[in-house]
Amino acid sequence: MTSATAAPGTRAPAAPVTGGNALAGTRTLIRFALRRDRVRLPVWILALFLSTLMTANSFRTLYSDPEDRANAVRSVDSPAGLAMSGPRHYLTDDGFGSLLSHQMIGFTAVLVGLMSVLIVTRHTRAEEETGRAELVRSAVVGRHAHLAAALAVAALADLALALLLALGLTGLGLEGVDASGSLVYGFAHAAAGLVFAAVAAVTVQFTAHTRGASGTALAVIGTAYALRAAGDSGTSDTLSWLSPIGWVQRSYPYVDNRWWPLLLCLLCAVGCAAAGFRLSTRRDVGAGLRPQKPGSPTASAALTTPVGFALRLHRGPLAGFGAGLFLMGAMYGSILGDAEDMLAGIDEIEEALERIGGASVVESFASMVMVVLTVVASVYVVTAALRPRSEETAGRAEPLLATGLSRSRWVGGHLAVALGGGTLVLALAGLGFGLAGAASTGDAGLVPDLTGAALAYAPALWVTVGVAVVLFGWFPRASRAAWAVPVYAFVVGYLGQILQFPDWTNNLSPFGHIPRLPAADMRWTPLALLTLVAVALLWLGLTGFRRRDLETK
Amino acid sequence: MTKAISVSGLRKTFGRTRALDGLDLSVGTGEVHGFLGPNGAGKSTTIRVLLGLLRADSGTAEVLGQDPWRDAVALHRRIAYVPGDVELWPGLTGGEAIDLLARLRGGLDERRRTELVERFDLDPTKKGRAYSKGNRQKVAIVAALASDAELLLLDEPTAGLDPLMEVVFQDVIAEAKAAGRTVLLSSHILAQVEKLADRVSIVRQGRTVQSGTLGELRHLTRTTVEAETERPATDLARLPGVHDLRTVDEATGRIRFTVDGPQVGTAVRALTDLGVRSLVSHPPTLEELMLRHYGDELAANGHGAGADGHTTAPGTDGEPR
């Protein structure tokens, strides 16, 4: 096995694939991968660990007496509530541990899966795609070494998280959060991570491109989540048993502490990984199992206009965010009918809702959800508005700007997509929220109301685009600072409501000036002013870009 | 002859790096102009200033009678550009990229596009991410040549092409020249410029160090002479203008030396007096010109610069005198 790599120089020349030779160099590659990821991995692991720990700790005050916990349990006991959390069996126990497992595992398992998928694709397919793997493989490195090293790194990261969680949660000393439960809780995460790492080991064999490989693996995670959501919300949980996320949730940490569902994950992981190794021998380095589809040999007329071209580059993220926000809106909408029951008894949120005002809990809750939806939309807007910058640094702006395309029209195409696309995804979020909300409350009027409420945020998105363009035009190297806008908007607009930040903090965010529909009344003045600000920022940014040097490679 | 490009005293700094340090360049309409220099000499920076992608700190630049910064867009309709490092959009096919670039420049000649795609043996249905460096370059070359540009700015356009494709490239550039287009061809591959260029400018550390026709430049430099004589010719070293005299073969008495242009006659007369049996001379290759200009960078190699340069290009223009 890997010990064969201790003295790679002394090994006999390559024997057939089957021997230990196929893994030669794995240990070095693992160390190399850990070195490359020395910042990335700790950030992922600590973020997952700390957010779990903070959530668990917040239960102390959130559900201080048993009455609150019983309320919390009751509030999720609906198909929608269960779809967003986990299997109903957790509700038989109202301890802190059970609450934590129920509310968190489904969600964090997705994130651990994401981390593991990204680790595997980054150290296998991305290496091949850039051609670095070829260089490495020409040395004394076995044909399975890259994949083995990537899986090992993913497993190490997953195990580190598992141990941290087990130790950290036990150390919290929360009633009902004991050591044996915490151990299962931690390893439930590791199990989920391993399964999806192994899934990625298969998907990287099929396509020659990193994005395709991680995209396919993420689709598997999404499907797994959807299956368990469907299974948990229904009467039969057969569907949940088809999903690795369903399995880890069924280890019932702090409730039953079952290990065998995790073993199921391990078996599945081993099976997938074996398939991955097997498939990798049936393709060439750098190639995928699926042959490359030829594309169009000529460009359509629409592609050669600035906006059409920008739209082509943006269509993936635009479609993704559009669909994602529509579904996210629908998800919140589906629980709108239960909102009153769900939120009853959670003091902080009730108080926050009261401050927002509004005729009913439904309206106040809808206004609060709107903030979350617009923050996600602003994430899209920032990625779209920063696209010209990434095109520039990748060296792809240069040949275009050497044609008859002016700088303003080039950036203009991207901005048109950012502004229009941002407005579109916002409308879709509102529409999804409205449609599902109307279905769950029986109030058809919510469809236009909530779509309109979402669209009221559009001027704030345009200002966000404006901020990004000003940075791009005048301080290109600091373009990424535009991310501060959505982050600030989220912290102040969402957490600030609950934690009662002073008013002026809200006024600094463009989103803070939008009337909080549907709870508040519509006011047109702030929208008009924000639109003017956006226009001014766009003009300023374009002026800056016309005057500066283009950055080239 | 009218000027397609005239640049004088161009300066450009990036932070502390001085990329251009008073560069001059003059390219006549209809000529193929070689723009030579080692990596980092400022060739790409100059071309980007000519395209209005960078703004010069000082100095003047005029392209086709217009200001490249102010009139960038109007100018770009008359210019085609092939960057040295072509980056394509990973999701767009090569064919789409060609159409995009050429149409944004103001339209393309479909017949010529088809012909060029065939000649360069390019598969236009592949996605940008699947192309090798050479194929990405072909995409940019086809896009540049398929439209009717008056001026071609080519920045090391063949760095990734194989020798067969380089021949196709030379043919295509020769055709462009015959069609009356002006070409600025930057390169550090000397043989290529030698075959195509009417005039060359040699730049170094952001400055033009030499400019002229190949003939003029050669006049300024030394001719290499190899000769066998009946009597020993080692005394030749004392003649003015003769350098680097070495005996190549003791047995036959074959010697080799370089001689400054104006002194060629004296040297040949001296050889005749010594009973010359064979005589080969050739004009300096661009390799030698470059080595002369960058010789100080090669100081570590001793004085070998001029003497060994021509051995890499045997028989180029060999002509007995």
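The values are calculated or read from the model by the stated rules, or taken from the named source; none is laboratory data. Just so it is clear, the structure is predicted and the values come from calculations on it, not from any experiment. Neighbour counts run over all protein chains shown; Cβ positions are idealised from the backbone, glycine included.
Quick check on this structure: which one of A:226, A:230, A:201 is out of contact with any helix residue (DSSP H, G or I) (no Cβ under 7 Å at 6 or more places or on another chain), touching a residue at least 24 places away in the same chain (Cβ under 8 Å) and assigned to a helix (DSSP H, G or I)?
Selected residue: A:230, the only one of A:226, A:230, A:201 that is out of contact with any helix residue (DSSP H, G or I) (no Cβ under 7 Å at 6 or more places or on another chain), touching a residue at least 24 places away in the same chain (Cβ under 8 Å) and assigned to a helix (DSSP H, G or I).
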Problem set entry | Test: residue B:2 is under 23 Å from residue B:212 (Cβ atoms), of a type in the set (Ser, Thr, Tyr) and at pLDDT below 95 | yes
For this session: Scan the range B:241-258 for residues that are without any contact (Cβ under 8 Å) to a residue 40 or more places away in the chain, hydroxyl-bearing (Ser, Thr, Tyr) and touching a helix residue (DSSP H, G or I) at 6+ places or on another chain (Cβ under 9 Å) and report the count.
Result: 1
Exercise. Which condition breaks for residue B:42 when tested against (1) crowded, with 19+ Cβ neighbours inside 10 Å; (2) more than 8 Å from chain A (Cβ to nearest Cβ); (3) in contact with a Leu (Cβ under 8 Å, 6 or more places away or on another chain); (4) at negative phi?
Worked result: (4)
For this session: Give the residues of the range B:247-262 that are over 26 Å from residue B:190 (Cα atoms), surrounded by 12 or more Cβ atoms within 10 Å (Cβ to Cβ) and not β-branched (Val, Ile, Thr), sorted by residue number.
Result: B:253, B:254
Seminar exercise, completed: Of the residues in the range B:120-149, those that are charged (D, E, K, R) and either within 12 Å of chain A (Cβ to nearest Cβ) or surrounded by fewer than 17 Cβ atoms within 10 Å (Cβ to Cβ) (or both) come to B:121, B:123, B:126, B:127, B:129, B:133, B:136
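Yes or no, residue by residue, for (1) loosely packed, with under 14 Cβ neighbours inside 10 Å; (2) within 24 Å of residue A:389 (Cβ to Cβ); (3) modelled with pLDDT of 95 or more:
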{"residue": "A:501", "(1), (2), (3)": "no, no, no"}
{"residue": "A:511", "(1), (2), (3)": "no, yes, no"}
{"residue": "A:519", "(1), (2), (3)": "no, no, no"}
{"residue": "A:530", "(1), (2), (3)": "no, yes, yes"}
{"residue": "A:534", "(1), (2), (3)": "no, yes, yes"}
{"residue": "A:537", "(1), (2), (3)": "no, yes, yes"}
{"residue": "A:542", "(1), (2), (3)": "no, yes, yes"}
{"residue": "A:545", "(1), (2), (3)": "no, yes, yes"}
{"residue": "A:551", "(1), (2), (3)": "no, yes, no"}
Problem set entry | From A:340, A:350, A:392, A:354, residue being more than 25 Å from the chain's Cα centre (by Cα) and under 21 Å from residue A:469 (Cα atoms) | A:392
Exercise. Is it true that some residue in the range B:92-111 is without any contact (Cβ under 8 Å) to a residue 40 or more places away in the chain and more than 12 Å from chain A (Cβ to nearest Cβ)?
Worked result: yes
Exercise. Got at least one residue in the range A:391-412 being buried (at least 23 other Cβ atoms within 10 Å of the Cβ), part of a helix (DSSP H, G or I) and more than 14 Å from chain B (Cβ to nearest Cβ)?
Worked result: no
Seminar exercise, completed: Of the listed residues (A:480, A:546, A:523), the one being charged (D, E, K, R), away from chain B (no Cβ under 14 Å) and closer than 30 Å to residue B:86 by Cα is A:480
Problem set entry | Breaking point among (1) within 22 Å of residue A:373 (Cβ to Cβ); (2) more than 27 Å from the chain's Cα centre (by Cα), for residue A:510 | (2)
Exercise. What do you reckon, is residue A:434 more than 14 Å from every other protein chain (Cβ to nearest Cβ), buried (at least 24 other Cβ atoms within 10 Å of the Cβ) and either more than 22 Å from residue A:477 (Cα to Cα) or of a type in the set (A, V, I, L, M) (or both)?
Worked result: yes
Problem set entry | Enumeration of residues in the range A:45-95 that are touching an Asp or Glu at 6+ places or on another chain (Cβ under 6 Å) and of a type in the set (D, E, K, R) | A:69
Problem set entry | Qualifying positions in the range A:276-299 - of a type outside the set (Lys, Arg), over 27 Å from the mean Cα position of the chain (by Cα) and in a helix (DSSP H, G or I) | A:277, A:279, A:280
For this session: Kindly indicate the residue of the range B:45-86 that is within 13 Å of another protein chain (Cβ to nearest Cβ) and of a type in the set (Ser, Thr, Tyr) and also nearest to residue A:401 (Cα to Cα) among those meeting that condition.
Result: B:81
Exercise. How many residues are at pLDDT below 90 and closer than 15 Å to residue B:95 by Cα if we restrict to the range A:303-332?
Worked result: 1
Problem set entry | Within the range B:204-240, considering residues that are of a type in the set (Lys, Arg) and in contact with a helix residue (DSSP H, G or I) (Cβ under 8 Å, 6 or more places away or on another chain), the one modelled with the lowest pLDDT | B:218
